[in-house]
Every structure is written in structure tokens, then in C-alpha cells.
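Q: If you scroll down you'll find the structure; I have some questions about it.
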Amino acid sequence: MHYHPTGKEETDQPQIGLYFTKEKPKRSPAVIAMANNDVYIPAGEKAFKRSDSFKLPVDFEVRDIWGHMHMIGKEVKVWAELPDGKTKHLLHIPDWDFNWQDTYQYKKHFVLPKGTVVKAEFLWDNTADNPRNPFNPPRLIQWGEGSTDEMSGLIIGGVTVNPWDEIGMWASVIGHYFEIEGKANEAKRKREAEAKKKE
């Protein structure tokens with residue numbers, strides 16, 4: 001949940017539901033976390049695309065999936081390229097709605113083996129033809145935490161098949177996050193340098 005200053009006093013009534021059990025959990029959850037924070041969408045751009053990929057360092061049992069974009073998101077696709085050359089489709093929302101950013105639970109859990117490459121593509125439509133565009137006329141939209149900014153994100157929830165692989169999995173996911181941030185910061189520096197050259 002993101003809060004932003006409005007210049008006046010605001011009220012909010014969030015609620016949290018907690019469920020307790022007498023049994024200790026047998027396993028700790030793990031995730032595949034993906035994104036592309038190099039989001040810089042010019043006004044009028046019909047099909048702005050960003051992607052990310054993550055190679056599994058261990059065998060991973062998939063249980064659920066959650067995709068994330070904001071108002072001008074158009075489409076999200078997620079699939080897994082298995083070591084044997086086969087492809088498994090994980091999520092496809094062809095007409096993104098901001099209200100659909102929910103966690104989708106798979107009816108049956110399944111295992112993605114070590115070496116699987118999970119790939120995600122995010123598509124945005126920053127034109128006046130997009131009825132969900134909050135700006136009329138459209139304007140430049142960049143990465144940010146506001147609903148009228150944009151983001152891309154993906155979390156695949158589950159557990160490592162081998163409990164001893166949990167720490168290695170988390171280390172790999174955290175390392176991937178820093179790669180995402182590094183790439184986005186480098187792209188931003190290049191844009192700023194190009195803008196200075198034109199001054």
C-alpha cells in the first residue's frame with residue numbers, strides 16, 4: 001500500500017485479517033520475484049514493452065502467481081522455458097485491468113526444475129485510445145509508486161523442493177532484484193545524459 005501527500009488531512013480505514021494455527025509451519029515460503037523498472041513511456045506510445053527473465057537455481061514447486069502494473073498496463077505474459085526445451089505457460093492477461101492485480105492460485109501445484117528460465121513481458125498503451133489512461137491528452141509516464149505512474153512486477157509463490165535450498169533461492173532472488181535496479185538506474189543515467197547533450 002502506497003500513501004502520498006495530498007496537502008490536507010486524510011483518513012483511511014485499512015483492515016488486516018490474521019489467521020492463527022496451533023501447528024508450526026512445515027515449510028517456509030519462497031518466491032520468484034521479477035520486474036523491469038526501466039519504465040519511461042512517451043505520450044502516444046501504443047505498445048511500450050519491457051521484459052525480465054530469471055533462471056531457477058534450484059527445483060521449485062509453484063503454487064500461485066501475481067502480476068502487477070498500473071492504469072495504462074495493457075497485457076502481461078509469463079511462461080517458463082524448461083531445460084528439456086518445452087514451454088509451460090504460467091499467466092496471460094491480454095486486456096489488463098488495474099483491479100485484476102490479484103494472486104491467482106493454481107488448482108494443482110507443479111515443479112519447475114533447476115535451470116528453468118522464467119520469462120515475463122509487460123505491455124503498456126499510453127494513447128488516448130486506451131480508456132483506462134488517466135491523462136487526456138496522454139503525457140509521459142515513468143516508473144513510480146503512484147497509481148498514475150507505472151510499474152511492472154511479478155511474484156510466483158511456492159516452496160523449494162528441497163528445504164535445504166531455501167537460503168540459496170532467496171539469495172538468488174535478492175541478487176536478481178539488485179540487477180533490476182542497476183539496469184533501471186543505468187538506463188535513467190543514459191536518458192539524462194542524452195537530454196543534456198540536446199540542451
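Q: Can you give the calculated 222 nm mean residue ellipticity of the chain, where each DSSP H run of n ≥ 4 adds -39,500 (n - 2.57) and the sum is split over every residue, rounded to the nearest 500 deg cm²/dmol?
A: -6000 deg cm²/dmol, from helical runs alone.
Q: On to the next question. Which of these values of Kirkwood radius over Cα pairs in Å was calculated from the structure shown: [x] 18.9; [y] 17.6; [z] 19.8?
A: Among [x] 18.9; [y] 17.6; [z] 19.8, the one derived from this structure is [x].
Q: Let me ask you something else. Could you name the lysines in cross-link range of K108, using Cα to Cα under 18 Å and dropping any fewer than eight places away on the same chain?
A: K108 reaches K88.
Q: So which lysines pass the test for K188, namely a Cα distance under 19 Å, with those fewer than 8 places away in the same chain ruled out?
A: Reachable lysines: K49, K196, K197, K198.
Q: Pick out which of Y40, Y104, Y19 has the largest mean-square fluctuation in a Gaussian network model of the chain, springs linking Cα atoms closer than 10 Å.
A: Y19
Q: Tell me, what ³J(HN,Hα) does each residue in the range 124-130 have, in order and in whole Hz, if you take phi through Karplus 6.51 cos²θ - 1.76 cosθ + 1.60 with θ = phi - 60° and put x for Gly and Pro?
A: Result, rounded to whole Hz: 10, 10, 9, 10, 5, 6, 7.
Q: Going down the table (K46/K114; K26/K107; K74/K183), which pairs top 28 Å between alpha carbons?
A: K46/K114
A short reminder: the numbers here are calculations on the coordinates, not readings from a lab. Everything numeric here is computed off the predicted structure, so don't read it as measured data.
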